[in-house]
Amino acid sequence: MERVAVVTGAARGIGAAVARRLAADGMAVAALDLDEAACADTVARIVSAGGTAIAVGADVSEADRVERAVERVVAELGPPVVLVNNAGIIRDNLLFKMGEEDWDLVMGVHLKGAFLMTKAVQGHMVDAGYGRIVSLSSTSALGNRGQANYAAAKAGIQGFTKTLALELGRFGVTANAVAPGFIVTEMTASTAARVGVEFEEFQRAATAQIPVRRVGYPEDVAHTVSFLASEGAGFVSGQVIYVAGGPRG
Ligand code: NAP
């Protein structure tokens with residue numbers, strides 16, 4: 001039987017690439033995002049490649065929506081044993097200009113979202129005696145100017161992950177974090193727009209700072225998630241893997 005995976009923020013960017021990759025690895029995938037309709041493309045691409053996928057709409061920062069979403073996944077695909085906490089937002093500003101709302105929003109999606117999703121799914125993993133939880137951190141966890149909220153959330157994901165590894169290991173469940181550097185998505189495009197630099201130029205400037213001399217793509221992250229979500233990675237838990245073209249971390 002196909003293992004069931006839930007990928008949050010799967011409408012586009014890294015989440016969409018992860019959803020496609022896990023489906024290619026043989027999993028049935030629930031592509032979850034704020035707007036169910038926005039996941040249509042991800043689902044269509046998986047199905048046309050011969051895979052199984054459904055679109056699920058939910059805000060990961062709302063407990064009742066999360067619970068209903070996971071119930072739907074169980075009913076339509078079966079109990080999930082792989083969870084990828086990928087949904088994310090940025091609300092960048094220097095600390096002295098950062099509003100409380102932008103702090104709460106970023107914490108709500110990244111940290112509370114990962115907490116609620118993991119809480120809703122972990123019982124199914126424990127029942128199965130098998131589970132793989134992969135959460136998206138970032139090189140920003142090490143500190144990044146203009147990202148006090150996001151850096152704190154992404155560092156928080158690392159502590160959350162290590163604690164899950166300690167608590168859930170005895171049930172056959174691993175938990176790991178992937179910390180990407182510069183990945184070409186709408187998130188980095190929006191940062192370029194905010195600072196008033198053309199995206200191509202923004203990517204060139206980033207490339208100069210990256211040891212492998214290229215920017216990252218969603219598929220680079222999906223490859224690492226695929227490894228951590230695989231059965232063979234069962235002795236890797238509580239780790240943070242930087243996918244950044246260099247050793248930053
Ligand atoms: P993206 O292109 O902005 O995609 C993020 C997706 O998450 C969007 O589809 C978004 O939906 C969805 N989302 C936002 N809030 C949500 C919520 N409350 N509930 C459910 N879904 C929600 O971002 P990305 O670049 O692929 O990033 C994916 C993850 O990797 C994030 O956690 C990000 O922090 C992390 N990351 C990215 C980079 C990078 O360079 N791109 C680097 C390090 C880490 P809407 O479109 O409706 O907002």
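If I stretch the segment between residue 144 and residue 35 completely, what's the gain in nm (0.36 nm per residue apart, minus their alpha carbon distance), one decimal? Spell out each step's value before the answer.
Details: separation 109, 0.36 × 109 = 39.24 nm, distance 2.95 nm.
Extra length available between residue 144 and residue 35 comes to 36.3 nm.
Here residue 167 and residue 1 are evaluated by their C-beta separation; at R0 = 41 Å the FRET efficiency comes out at 0.95. Across segment 140-190, counting alpha-carbon atoms alone, Rg and Dmax equal 13.7, 42 Å. Entry note: segment 140-249 has Rg to Rh equal to 1.02, where both radii use alpha-carbon atoms and Rh is the Kirkwood radius.
In this simple spin-label model, placing a label point 7 Å from the Cα along the Cα-to-Cβ direction at both residue 62 and residue 194 gives a separation of 2.4 nm. In a DSSP loop and with at most 15 other Cβ atoms within 10 Å, the chymotrypsin sites (Phe, Trp or Tyr not before Pro) in segment 178-249 are 235. Think of segment 97-249 as having a plus end and a minus end, set by charges on the Cβ of Lys, Arg, Asp and Glu; of 99, 223, 192, 223 sits farthest toward the positive end of this dipole. Between segment 34-55 and segment 12-33, the C-alpha centres lie 8 angstrom from each other. Report, in whole Å, the centroid distance computed from the Cα atoms of segment 78-96 and segment 166-185. Between the Cα centres of segment 78-96 and segment 166-185 lies a distance of 12 Å.
Rounded to whole numbers, the Karplus 3J(HN,Hα) couplings from phi for segment 63-73 are 4, 5, 5, 5, 4, 5, 5, 5, 4, 5, 4 Hz, using 6.51 cos²θ - 1.76 cosθ + 1.60 with θ = phi - 60°, and x at Gly and Pro. What residues have an amide H closer than 5 Å to that of residue 184, excluding those fewer than 5 places away on the same chain, when H is modeled at 1.01 Å from N in the peptide plane? Here the answer is 216, 217, since their amide H atoms fall under 5 Å of that of residue 184. Across segment 146-156, computed HN-Hα scalar couplings (Karplus, 6.51 cos²θ - 1.76 cosθ + 1.60, θ = phi - 60°) run x, 10, 4, 5, 5, 4, 5, 5, 6, 5, x Hz from first to last residue, x flagging Gly and Pro.
Placing +1 on each Lys and Arg Cβ and -1 on each Asp and Glu Cβ, with no other charges, gives the chain a dipole about its Cα centre of roughly 760 debye.
Go ahead and estimate [θ] at 222 nm for the chain from helices alone: -39,500 (n - 2.57) per DSSP H run with n ≥ 4, summed, over the residue count, rounded to 500. The helix contribution divided over the chain gives -14000 deg cm²/dmol.
What number comes out for accessible area per residue over the chain if the probe is 1.4 Å? Units Å², please.
Numbers: 11430 Å² over 249 residues.
Accessible area per residue: 46 Å².
Dividing the alpha-carbon radius of gyration of the chain by the rule-of-thumb value 2.2 N^0.38 Å gives 0.96.
Out of the GluC sites (Glu not before Pro) in segment 159-226, which ones are loop residues according to DSSP with at most 16 other C-beta atoms within 10 Å? Intermediate results must be reported in sequence, preceding the final value.
Working: sites: 167, 186, 198, 200, 201, 219; in loops: 198.
In loop regions of segment 159-226 (DSSP not H, G, I, E or B), the sparsely surrounded GluC sites (Glu not before Pro) are 198.
The HN-Hα couplings worked out from phi for segment 203-211 by the Karplus form 6.51 cos²θ - 1.76 cosθ + 1.60 (θ = phi - 60°) are 5, 4, 5, 5, 4, 4, 9, 9, x Hz, whole numbers, x standing for Gly and Pro.
Is there a quick way to get the dipole size of segment 17-100? I mean about its Cα centre, with the Cβ of Lys and Arg at +1 and of Asp and Glu at -1; what is the value in debye to the nearest 20?
Working: 8 positive and 13 negative charges, 65 e Å.
The calculation lands at about 320 debye.
The values are calculated or read from the model by the stated rules, or taken from the named source; none is laboratory data. Bear in mind that the values here come from a model prediction, so they are computed numbers and not experimental data. Virtual Cβ from ideal backbone geometry, glycine too; neighbours counted across all protein chains shown. Accessible surface areas use protein heavy atoms only, side chains included; no ligands, DNA or RNA. Shrake-Rupley method; radii C 1.70, N 1.55, O 1.52, S 1.80 Å.
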